[in-house]
Amino acid sequence: MSSKLAIVTGASTGIGFELATLAAQNGYDLLVVADEPLIDAAAEDLKQFGTNVESVEADLSSIEGVDRLLAAAGARQIDLLCANAGRGLGHGFLDQEVADWRRVVDTNITGTLYLLQKVLKQMLARDEGKVLVTGSIAGYIPGSFQAVYNGTKAFLDNFTDALRNELKECEGVTLTTLMPGPTETEFFDRAGMMDTSVGTSDSKSDPVDVARDGWDALMAGKASIVSGWKNKLQVAASHVTPVGVMAEQHRKMAEPGTADE
């Protein structure tokens, strides 16, 4: 009997790599993808767990990149999908190049939705499968100096809530939203935020812990999980705190030049 297949996007580093590690440790064959050559080295590391691991370098901000990933899966049944790929972008919106903020939108929203639609149709046809989408507590917070990223995560958090309701009669298919807070990954460096308070903070979550929270919720079929007790408190506070106050709080974390404040 062949092993079950898991696809993990954004798996070269950080939360994605840790999710792929958990999948491998639990006996899943892996198809891992990222938009950088480092994904091949990640795949080699993951082979230590004794499962079959295949890597794909593809730009998941494009329909063509997602199609390339799906072509690598071929006719194989996809049992588990961790739609984790995401891109951040710091600094003021008016200072950002159109190509840069559009890539954030296309990676976090367009590519993710297209992949979900393709994979979930297969899962629904057999009424079996598990999906984890990496959202963020950023979706609850007006993201001054990170406005596009936070906006995309608000979309994903909201979208997955709605989609979960659409799928409620398909008992064999589960959709879980993982919502971490700031996590110690390459995210802030890649987003150009190493001159900010949040980018240089030493209190960020460990991606190992975040991935474990997401994995446990996924296996339990939970609707969503906010990773970390401090983040749970922040989400709870967001429901009663005026948006202007939250935007100002975020500004103090994400405004360029706040790294030493």
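The condition of being over 18 Å from the mean Cα position of the chain (by Cα) and under 18 Å from residue 150 (Cβ atoms) holds for only one of 220, 247, that being 247.
I'm trying to understand the selection: among the residues of the stretch 1-34, which are part of a loop (DSSP other than H, G, I, E, B) and surrounded by fewer than 22 Cβ atoms within 10 Å (Cβ to Cβ)?
Start the filter on the stretch 1-34 by keeping residues that are part of a loop (DSSP other than H, G, I, E, B), which leaves 1-4, 10-13, 26-28.
Of everything in the stretch 1-34, those that are part of a loop (DSSP other than H, G, I, E, B) and surrounded by fewer than 22 Cβ atoms within 10 Å (Cβ to Cβ) turn out to be 1, 2, 3, 4, 13, 26, 27.
Per the listing 64, 36, 97, 18, the residue uniquely closer than 25 Å to residue 198 by Cβ and without any contact (Cβ under 8 Å) to a residue 24 or more places away in the chain is 97.
If you go through the stretch 221-244 one residue at a time, how many are open to solvent by 70 Å² or more (accessible area, probe 1.4 Å) and either farther than 26 Å from residue 163 by Cα or not in a loop (DSSP other than H, G, I, E, B) (or both)? Total meeting the criteria: 7.
Here residue 117 meets the list (1) touching a residue at least 24 places away in the same chain (Cβ under 8 Å); (2) under 18 Å from residue 5 (Cα atoms); (3) surrounded by fewer than 16 Cβ atoms within 10 Å (Cβ to Cβ) almost entirely, failing just condition (1).
Here's the yes/no breakdown for (1) outside any helix (DSSP H, G or I); (2) in contact (Cβ under 8 Å) with a residue 60 or more places away in the chain; (3) over 16 Å from residue 136 (Cβ atoms):
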{"site": "181", "(1), (2), (3)": "yes, no, no"}
{"site": "193", "(1), (2), (3)": "yes, yes, no"}
{"site": "208", "(1), (2), (3)": "no, yes, yes"}
{"site": "214", "(1), (2), (3)": "no, yes, no"}
{"site": "219", "(1), (2), (3)": "no, yes, yes"}
{"site": "256", "(1), (2), (3)": "yes, yes, yes"}
{"site": "259", "(1), (2), (3)": "yes, yes, yes"}
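Yes or no: residue 154 assigned to a helix (DSSP H, G or I), surrounded by fewer than 20 Cβ atoms within 10 Å (Cβ to Cβ), among the aliphatic types (A, V, I, L, M) and in contact with a Gly (Cβ under 6 Å, 6 or more places away or on another chain)?
Working: assigned to a helix (DSSP H, G or I): yes; surrounded by fewer than 20 Cβ atoms within 10 Å (Cβ to Cβ): yes; among the aliphatic types (A, V, I, L, M): yes; in contact with a Gly (Cβ under 6 Å, 6 or more places away or on another chain): yes.
Yes; evaluated as a whole, the condition is true for this residue.
Consider residue 132 carefully, then state whether it is touching a Cys at 6+ places or on another chain (Cβ under 8 Å), outside any helix (DSSP H, G or I) and modelled with pLDDT of 90 or more.
Values: touching a Cys at 6+ places or on another chain (Cβ under 8 Å): yes; outside any helix (DSSP H, G or I): yes; modelled with pLDDT of 90 or more: yes.
Yes, satisfied.
Only a single criterion out of (1) modelled with pLDDT of 95 or more; (2) within 21 Å of residue 210 (Cβ to Cβ); (3) among the small types (Gly, Ala, Ser) is not satisfied by residue 65, namely (2). Put simply, of 41, 85 the only residue that is in a loop (DSSP other than H, G, I, E, B), modelled with pLDDT of 95 or more and not acidic (Asp, Glu) is 85.
Quick one: in the stretch 63-89, which of the residues that are open to solvent by 50 Å² or more (accessible area, probe 1.4 Å) and not small (Gly, Ala, Ser) is nearest to residue 189 (Cα to Cα)?
Just the residues of the stretch 63-89 that are open to solvent by 50 Å² or more (accessible area, probe 1.4 Å), to begin with: 63-64, 67-68, 71, 74-77, 87.
From what's left, not small (Gly, Ala, Ser): 63-64, 67-68, 76-77, 87.
Details: 63: 26, 64: 27, 67: 28, 68: 27, 76: 36, 77: 36, 87: 11 Å.
Ranking the qualifying residues of the stretch 63-89, first place goes to 87.
The values are calculated or read from the model by the stated rules, or taken from the named source; none is laboratory data. All values reported here derive from a predicted model rather than from experimental measurement. All Cβ positions, glycine included, derive from the backbone under ideal geometry; neighbour counts span all protein chains shown. Note: accessible area is taken over every heavy atom of the protein model, side chains too, but ligands, DNA and RNA are not part of it. Shrake-Rupley method; radii C 1.70, N 1.55, O 1.52, S 1.80 Å.
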